[in-house]
Every structure is written in C-alpha cells, then in structure tokens.
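Data block below; observations after.
The values are calculated or read from the model by the stated rules, or taken from the named source; none is laboratory data. Quantities reported herein were computed from a predicted structural model and do not represent experimental measurements. When we count neighbours, we look across all protein chains shown, and the Cβ atoms used for this are built from the backbone with ideal geometry, even at glycine.
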Amino acid sequence: MAPAVTNGMLYVHSAPRALCPHIEWAAGGAIGRALTFQWIDQPVMDGALRTEVAWQGPIGMGAKIASALRGWEHLRFEVTEEQTSVSDGGRWMHTPDLGIFYSQIDVAGNVVISEDRIRAAIETAGVNPLQLHREMRLLLGQAWDDELEPFRLTGDASPVVWLHRVG
C-alpha cells in the first residue's frame, strides 16, 4: 500500500546569499532529490534572499524539511504540511533568535491547541490574567509570527517552485 500523500509549502523568508545552495542541498536531502530554487531579493533585509517552494510527498515530509533547516544562523523560514484524512496539518516556524516552533493546524491554517496544553497554561498562570495572556501567546507562537510577519508581507510577487515526491 502506498503511503498517504500530502502537500505543503516551504517559505524561506530570509537567507544570506552564501547559505542558499546549502538550503537547496538540505531541502533536497529531505525531499530525496537535488533541488534548485528561484531566489529573489528580500526587501526587508539588505543582502538577504527569499523563495517559496510548494512540495508534495508522504505524510511527515514537512517535519523532515524543517528538521533539515533548523538551527542555521541568519535563516528565517516556515514549512507547512496540509492535513489529510489520516493526519493533522502542521506548521514549523524558525527564526535565528527564537529557534523553531511547531503547531498543529486545521484545514483553514489556524493553530489548534490541545485541551491539555490549554489546561497547563491556565495552571501556570494561576489567577494572574497577564500571565495567562503570555502563556496563550506562547502556545500560539506569537513571537515567531511577530518576527516573521514583515518578511511574509514581501512575498506576494515570489515565484513558486513545485516539488513532487510520491512513494
């Protein structure tokens, strides 16, 4: 039986020019074939480049791509994986200062937070409403969204490269 297939996106929001071939090599290793991306200037940061890559592959490919890219200095990226009939969707966000953040996402792209994580946030906050606010922002990955948002807004004209790996 063939593994279930899903789709996703890799958004490299900013990378130094010298790092771009290494990103292609690492993402290609996760996908299982050599890749060449179309890089364009990132206007938010002088000297940085950006790219967007659509991919298709077995469930779990998003995690493999994010793992291959995580921890590199000066690299901002997001990986999304769409949900299937047998798996949840996911989003991985990475910034140089914050590291990597993972969240489950629904079909509309909203972050899904489990009951246990919400209960833990309430327990940690106690009766302090400001602490509960901080805990909920952490669960939502708000710090990552805040840092990545200026880089996302410049992506409307980005070329998209389609990657396929089935089976």
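Things to note:
- From the options Trp25, Trp39, Trp72, residue that is on the phi < 0 side of the Ramachandran plot, among the aromatic types (Phe, Trp, Tyr) and touching a Ser or Thr at 6+ places or on another chain (Cβ under 7 Å): Trp39
- Considering residues of the stretch 109-137 that are on the phi < 0 side of the Ramachandran plot and in a loop (DSSP other than H, G, I, E, B) only, the residue farthest from the chain's Cα centre (by Cα): Val127
- Residues of the stretch 80-108 that are within 13 Å of the chain's Cα centre (by Cα) and either acidic (Asp, Glu) or part of a helix (DSSP H, G or I) (or both): Glu81, Glu82.
- Residues that are modelled with pLDDT under 95 and of a type in the set (A, V, I, L, M, F, W, C), drawn from the stretch 30-58: Ala30, Ile31, Ala34, Leu35, Phe37, Val44, Met45, Val53, Ala54, Trp55
- In the stretch 14-45, the qualifying residues are those that are of a type in the set (Val, Ile, Thr) and within 17 Å of the chain's Cα centre (by Cα), and the one that is surrounded by the most Cβ atoms within 10 Å (Cβ to Cβ) is Ile23.
- Of all residues in the stretch 51-92, those satisfying the criterion of being of a type in the set (Asp, Glu), crowded, with 16+ Cβ neighbours inside 10 Å and within 22 Å of Trp39 (Cα to Cα) are Glu52, Glu78, Glu81.
- Residue list for the stretch 62-91, filter: at pLDDT below 95 and among the hydrophobic types (A, V, I, L, M, F, W, C): Trp72, Val86
- Qualifying residue in the stretch 84-102 (condition: acidic (Asp, Glu), touching a residue at least 24 places away in the same chain (Cβ under 8 Å) and farther than 23 Å from Gly60 by Cα): yes
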